[in-house]
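Values quoted throughout were computed directly from the atomic coordinates according to the rules given, and no laboratory measurement underlies them. Just so we're clear, the structure is a prediction, and the values are computed from it rather than from any experiment. All Cβ positions, glycine included, derive from the backbone under ideal geometry; neighbour counts span all protein chains shown.
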Amino acid sequence: MRPFRRHLLLCVLALAASLTYAGEPLQVRIGYLAYIPASGPLLSNVIPEPADAGLRGAELAIVDSNSTGRVLKHSYQLEATSADDSTSLLSAAKALHQQGVRLFVLNAPAASVRQLSQALPDSLLFNAGSADDELRHSACLANVLHSLPSRAMLTDALAQFLTVHQWQRWLLISGPTEDDQAYAAALKRAAKRFGHKIVAEKAWSFDNDQRRSAQAEMPLFTQTAEYDVVLVAD
């Protein structure tokens with residue numbers, strides 16, 4: 001379970017609580033919207049992320065908040081929904097909005113965050129699923145707050161860690177998707193910012209099943225100029 005998701009919902013509850021006078025009954029409804037696309041094949045030694053990742057943390061936060069909220073006459077209700085496409089997720093969000101929900105936690109990619117922000121202009125949305133840098137800068141949305149670090153923040157932290165260990169020569173392996181390329185770009189930015197050198201960059205575009213041959217393929221694939229660490233954007 002990811003701690004930031006729980007902390008996010010606690011922030012939502014604290015914000016809602018601040019909107020009423022102490023001692024007055026308060027009922028808060030929070031929508032949890034999760035975009036869960038079909039996952040691709042995994043290597044046999046990788047444990048897949050649970051389908052309800054994030055939701056369990058939100059549910060625990062609701063339980064904790066209601067435990068203490070009883071003293072203040074506060075009641076919190078989580079209304080969760082998930083979808084495997086952005087259109088269905090938008091429909092679910094509009095349905096909750098029509099029922100009066102104005103606080104939403106979004107576990108969704110950047111495109112869905114933008115779409116939901118535009119569709120729910122009078123609601124407060126908490127981005128708990130997208131590390132997209134543009135959402136924090138050039139495409140900043142007025143009704144969206146972010147509860148997790150951006151790609152730039154994550155790669156800056158990684159670069160600082162590698163600086164401490166003096167691992168300054170990087171081999172960068174990038175996948176073919178848009179998200180892969182975005183993370184690779186953030187790594188390149190961090191390398192330049194903290195004085196590291198990318199000695200080689202390779203594209204991971206193999207479309208065959210590597211589960212049985214990965215141990216044999218990887219030593220060959222990573223042969224290049226001398227490096228200290230391999231960074232994978234995939």
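Descriptive notes on the structure:
- A dipole drawn for region 152-233 from +1 and -1 charges on Cβ atoms has a positive end, and of ILE173, PHE221, ALA152 the residue lying farthest that way is ALA152.
- All aspartates and glutamates inside 15 Å of LYS197 as judged from Cα atoms, apart from same-chain residues fewer than 8 positions distant: ASP156, GLU226, ASP228
- Cα-based reach from LYS192 at 20 Å (exclusive), listing lysines while leaving out same-chain residues under 8 positions away: LYS202
- Note on CYS140 and LEU72: the model spin-label points, each 7 Å out from Cα along the C-beta direction, lie 2.8 nm apart.
- For region 155-171, 3J(HN,Hα) per residue [Karplus equation, 6.51 cos²θ - 1.76 cosθ + 1.60, θ = phi - 60°, Hz, x = Gly/Pro]: 6, 4, 5, 4, 4, 5, 4, 5, 5, 4, 8, 6, 9, 9, 10, 10, 9
- Kirkwood estimate for region 76-234, i.e. one over the average of 1/r between Cα atoms, Å: 18.1
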